[in-house]
Amino acid sequence: MNIKFNLNELLDIAIDVEKAGAELYESLAEKSVHEDTKAMWRYLKEQEEDHAAKFMDMKKAFFPEDSTNLGSGGYDEYMYALARGYVFSKDKISKAVKYGFKADLDAIEFAIEIEKESLLVYIELKDCIADNAVSVIENIISEEKDHLTQLTAIKHSMLDR
């Protein structure tokens, strides 16, 4: 792919994705009736917030003077459409929150699906970014893999109950 996105755009997407994930997990915590499940959703929400903060710190480190208004070559709309359309979309989150889940396991499986989507988008974006941003996207991918691993472990512990 010949399109190159700048690091500023990539970090904006990562921040947006993580904030939407935190919103999802907070909503799931509010709807959960079991205290241990509520605690799990709150923990995942905190992780998403930590990820967003980490990406904001990366952005500040790379763009200390003006981290919000760099030239993008006109790809901002595409990037946000990608982030919102395919990763933690408001519609998907709203439907999940509105209709809920039949069981905690269904909610975990939904969260795993969403995390996989975000991971796939980040992997695809890795091929679209400038060379100086590769290490940052690799860090983001690593964070998402850790999150997916944690969710999968939670799912297996639920299945073992």
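Only helices (runs of 4 or more DSSP H) whose full extent lies in region 1-91 are considered here, and the ones with at least 3 residues that are at pLDDT 85 or above are 7-31, 35-62. Pairs are defined by a Cβ separation below 7 Å, a sequence spacing of at least 6 or placement on different chains, a first member in region 17-32 that is over 8 Å from E48 (Cβ atoms), and a second member that is of a type in the set (F, W, Y) and in a helix (DSSP H, G or I); the pairs so defined are L28/W41; A29/W41; S32/W41. Please verify whether region 98-111 includes one or more residues that are within 19 Å of the chain's Cα centre (by Cα), assigned to a helix (DSSP H, G or I), at pLDDT below 80 and β-branched (V, I, T). No, that holds for no residue. Within region 137-161, residues that are within 24 Å of A52 (Cβ to Cβ) reach partners that are among the polar types (S, T, N, Q) and in a helix (DSSP H, G or I) with beta carbons closer than 8 Å, at six or more positions or on different chains, in the pairs E144/S118; H147/Q47; Q150/Q47. Scanning region 30-46 for residues that are among the aliphatic types (A, V, I, L, M) and exposed (fewer than 15 other Cβ atoms within 10 Å of the Cβ) turns up V33, A39.
Kindly establish whether R161 is modelled with pLDDT under 80, buried (at least 16 other Cβ atoms within 10 Å of the Cβ) and of a type outside the set (G, A, S). Against the criterion (modelled with pLDDT under 80, buried (at least 16 other Cβ atoms within 10 Å of the Cβ) and of a type outside the set (G, A, S)), R161 does not qualify.
The values are calculated or read from the model by the stated rules, or taken from the named source; none is laboratory data. Source: prediction; values computed, not measured. Note that each Cβ is placed from the backbone with ideal geometry, even for glycine, and that neighbours are counted across all protein chains shown.
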